[in-house]
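Colleague: The following block contains the structure, expressed as structure tokens.
The values are calculated or read from the model by the stated rules, or taken from the named source; none is laboratory data. What you see is a predicted model, and the numbers here were worked out from it, not measured in a lab. Cβ placement follows ideal geometry from the backbone for every residue including glycine, while neighbour counts extend to all protein chains displayed.
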């Protein structure tokens, strides 16, 4: 799911999306309500279902048979659910449906039954308890007019006029808890529906797009037709969709690389005569992306049905299984929603806390698309853009600690960008693309048609690649980059004496209470006018010294030159005393910085003295070194900057700036 703001284009009508994209590329928010923009203030977890009674049955099949229009959210009809009892017995059938939708009747195994309502959960008492393993069929007849969302704040069902093209469309968007806003359902990620039929009756001037393959367009009354879609791959509740508008069907068949197998690419495009020509080149290159991602991740998982798009007035796209809903077309957006067909649809996150398995990989699919089709420089610019967004704030984890909050689930900075950065760094940790993409293909193969967690993905990495990988423990990697907060900040000092290069690296972290030290592979570029050399090291200490032999005349040092790591660099300086007899204070480091409770001075020599002052020069702390490490108390100090003066036994002085958080 991917929403980016295009307010300017919406204001003036049909503009060049490409020109707007250049300015708004990082304004990424999730579908339905600009969720990534909003803040969250509490930690909680939403139950997987409205009522635990829903966990007593396993979804096997659903059939939606509903009537819709393109100019209103009004709908009505019925939903059939076939399910199996998975507890010792079940004496009531519970489903979810939100007001103002009205339930007309409920039938279970052909018997009309009454129900009670508590919130959005509706409980149907059964005439007799059903034992374990029993299959049953429930049918709910309903109607109503749900409240529509807006262009930048979608709801479960929306009826809107495209601000760019003028076409009216009604479309659904159920992620994350919004399916109940338009159809009677069970909202449980781990209970995929084995198969579905989605029948949508509309005026014969309209088309209705949905999941799977279109089986028939059946006349049902004068001026009315029913679009009958069949989805025979397992599907999660929030991926079932409907999109209704005056569309033209622009479809074609593609062939997979190295195979005679073909697949339908089906696109429902606004019937505005300018729309299809405007996006035609991008739409017609979808097959190239399908082949590209199939070669990386394994064949497109729903190839026996289709891939395609249906347009709707939203500021981005939504990865509805086999037919993404698209507000517009740009190749990066197609890449994102197409990437979701593997990461999100074929294998779905098992909990909303694990949403990075959907959105992080879809965002990284954008990077992979750019790298292959537009060049490595474009991909690097995209990744640096994401890293800078992550570092626009100091804290926050990829792990979603508050699944009651859609803004937190779909945080642009943490779920999309930090998630993509985490995957990018994992690729560097593995340091072998054959192994990295083998892991991704095996994930798709082993977990197909089901759900998965980040920890299950971690275990697959350990099984296939091993641990540690290039000196980095895989468990530690995920603990730090998935659960942990913040990022590393580096200070470096270097010198060259003859053919010997000396580098002293100091790592601080922005949230040391969460991750006091990020253990990562790190590239160092030794720079020379006659050609640079990149050296790969393992940074596993807060204060670390490296020695290399290099004959070229060195003019500088660069940390992480290929932008694998989400990090900041405070300073890189040359110190002519490094590596030769000189001030012992040159090797002293202080971590963490900023600090909350205390700073630790490392690498002190016996006889050194430490003096901490405020910026006005008032002495706050003094100590003499008898060990290499000394703690400098900070808990009682006010937030701000302080100065630490270190004087070694020979009288050499070094002054460092310390920050109290």
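Colleague: Checking the structure you have, find out if any residue of segment 490-509 is in a loop (DSSP other than H, G, I, E, B), in contact with a strand residue (DSSP E or B) (Cβ under 8 Å, 6 or more places away or on another chain), under 30 Å from residue 575 (Cα atoms) and not assigned by TED's automatic domain parsing to the domain that holds residue 660.
Modeller: Yes.
Colleague: Among (1) out of contact with any strand residue (DSSP E or B) (no Cβ under 7 Å at 6 or more places or on another chain); (2) farther than 26 Å from residue 560 by Cα; (3) modelled with pLDDT of 95 or more, there is one condition residue 405 misses while meeting the rest; what is its number?
Modeller: (3)
Colleague: Identify, please: which residue in segment 130-163 is in a strand (DSSP E or B) and under 28 Å from the mean Cα position of the chain (by Cα) and is, among those, surrounded by the fewest Cβ atoms within 10 Å (Cβ to Cβ)?
Modeller: Restricting to residues being in a strand (DSSP E or B) and under 28 Å from the mean Cα position of the chain (by Cα), the top hit is 150.
Colleague: The conditions are (1) loosely packed, with under 14 Cβ neighbours inside 10 Å; (2) not in a loop (DSSP other than H, G, I, E, B), and residue 526 fails exactly one of them. Which is it?
Modeller: Single failed check for residue 526: (1).
Colleague: To continue, here is another question. Across segment 410-440, which residue is surrounded by the fewest Cβ atoms within 10 Å (Cβ to Cβ) among those that are out of contact with any strand residue (DSSP E or B) (no Cβ under 8 Å at 6 or more places or on another chain) and farther than 26 Å from residue 464 by Cα?
Modeller: Here the answer is 413.
Colleague: Out of 368, 333, 314, report the one residue that is in a helix (DSSP H, G or I) and either without any contact (Cβ under 8 Å) to a residue 40 or more places away in the chain or touching a strand residue (DSSP E or B) at 6+ places or on another chain (Cβ under 7 Å) (or both).
Modeller: The conditions single out 333.
Colleague: Then there is this: Suppose we filter 481, 443 for residues that are in a helix (DSSP H, G or I), modelled with pLDDT of 95 or more and touching a strand residue (DSSP E or B) at 6+ places or on another chain (Cβ under 7 Å); which single one remains?
Modeller: After ruling out the rest, the residue left standing is 443.
Colleague: Quickly run through segment 630-651 and pick out the residues that are touching a residue at least 24 places away in the same chain (Cβ under 8 Å), surrounded by 12 or more Cβ atoms within 10 Å (Cβ to Cβ) and assigned to a loop (DSSP other than H, G, I, E, B).
Modeller: Matches in segment 630-651: 634, 648, 649, 650.
Colleague: For segment 557-568, give me the residue count where each residue is on the phi < 0 side of the Ramachandran plot and either assigned to a strand (DSSP E or B) or crowded, with 18+ Cβ neighbours inside 10 Å (or both).
Modeller: Selection size over segment 557-568: 8.
Colleague: Here are the criteria: (1) exposed (fewer than 14 other Cβ atoms within 10 Å of the Cβ); (2) in contact with a helix residue (DSSP H, G or I) (Cβ under 9 Å, 6 or more places away or on another chain). Tell me which single one residue 547 does not satisfy.
Modeller: With respect to (1) exposed (fewer than 14 other Cβ atoms within 10 Å of the Cβ); (2) in contact with a helix residue (DSSP H, G or I) (Cβ under 9 Å, 6 or more places away or on another chain), residue 547 is out only on (2).
Per-residue answers, yes or no, for (1) in contact with a strand residue (DSSP E or B) (Cβ under 8 Å, 6 or more places away or on another chain); (2) farther than 18 Å from residue 144 by Cα; (3) modelled with pLDDT of 95 or more; (4) not assigned by TED's automatic domain parsing to the domain that holds residue 211:
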site: 55; (1), (2), (3), (4): no, yes, yes, no
site: 85; (1), (2), (3), (4): yes, yes, yes, no
site: 94; (1), (2), (3), (4): yes, yes, yes, no
site: 104; (1), (2), (3), (4): yes, no, yes, no
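Colleague: Do you know which residues across segment 475-519 are surrounded by 18 or more Cβ atoms within 10 Å (Cβ to Cβ), within 21 Å of the chain's Cα centre (by Cα) and without any contact (Cβ under 8 Å) to a residue 40 or more places away in the chain?
Modeller: 478, 480
Colleague: Please go through segment 143-187 and give me each residue that is in contact with a strand residue (DSSP E or B) (Cβ under 6 Å, 6 or more places away or on another chain) and at positive phi, ordered by number.
Modeller: Within segment 143-187, just 144 meets the criteria.
Colleague: Oh, and also: So residue 117 ticks every box in (1) closer than 26 Å to residue 58 by Cβ; (2) not in a strand (DSSP E or B) but one. Which box is left unticked?
Modeller: Here residue 117 clears every test but (2).
Colleague: Check segment 448-459 and report whether any residue there is modelled with pLDDT under 95, assigned to a strand (DSSP E or B) and either under 26 Å from residue 357 (Cβ atoms) or not assigned by TED's automatic domain parsing to the domain that holds residue 563 (or both).
Modeller: no
Colleague: Against the conditions (1) part of a helix (DSSP H, G or I); (2) closer than 24 Å to residue 192 by Cα; (3) out of contact with any helix residue (DSSP H, G or I) (no Cβ under 7 Å at 6 or more places or on another chain), where does residue 404 fall short? Just the number, please.
Modeller: (1)
Colleague: Being outside any loop (DSSP other than H, G, I, E, B) and either in contact (Cβ under 8 Å) with a residue 40 or more places away in the chain or outside the structural domain of residue 211 (by TED's automatic domain parsing) (or both) is the filter here, so list the residues in segment 295-310 that pass it.
Modeller: Answer for segment 295-310, where residues must be outside any loop (DSSP other than H, G, I, E, B) and either in contact (Cβ under 8 Å) with a residue 40 or more places away in the chain or outside the structural domain of residue 211 (by TED's automatic domain parsing) (or both): 296, 297, 306, 307, 308, 309, 310.
Colleague: Would you please list the contacts, defined by Cβ atoms under 7 Å and residues six or more apart or on different chains, that run from a residue in segment 52-72 that is under 30 Å from residue 204 (Cβ atoms) to a residue that is part of a loop (DSSP other than H, G, I, E, B)?
Modeller: Sorted first by the residue in segment 52-72, then by its partner, the pairs are 61/194; 64/183; 68/242; 70/206; 70/246; 72/145.
Colleague: Further, regarding this structure: Would you call residue 340 assigned to a helix (DSSP H, G or I) and either in contact with a strand residue (DSSP E or B) (Cβ under 7 Å, 6 or more places away or on another chain) or in the same structural domain as residue 260 (by TED's automatic domain parsing) (or both)?
Modeller: So residue 340 passes the test.
Colleague: What about residue 197, is it surrounded by fewer than 24 Cβ atoms within 10 Å (Cβ to Cβ) and either out of contact with any strand residue (DSSP E or B) (no Cβ under 8 Å at 6 or more places or on another chain) or not in a strand (DSSP E or B) (or both)?
Modeller: The answer is no for residue 197.
Colleague: Moving to a separate point now. Tell me which of these residue 552 doesn't satisfy, since it passes every other one: (1) surrounded by fewer than 18 Cβ atoms within 10 Å (Cβ to Cβ); (2) within 28 Å of the chain's Cα centre (by Cα); (3) not in a strand (DSSP E or B).
Modeller: Every listed condition holds for residue 552 apart from (2).
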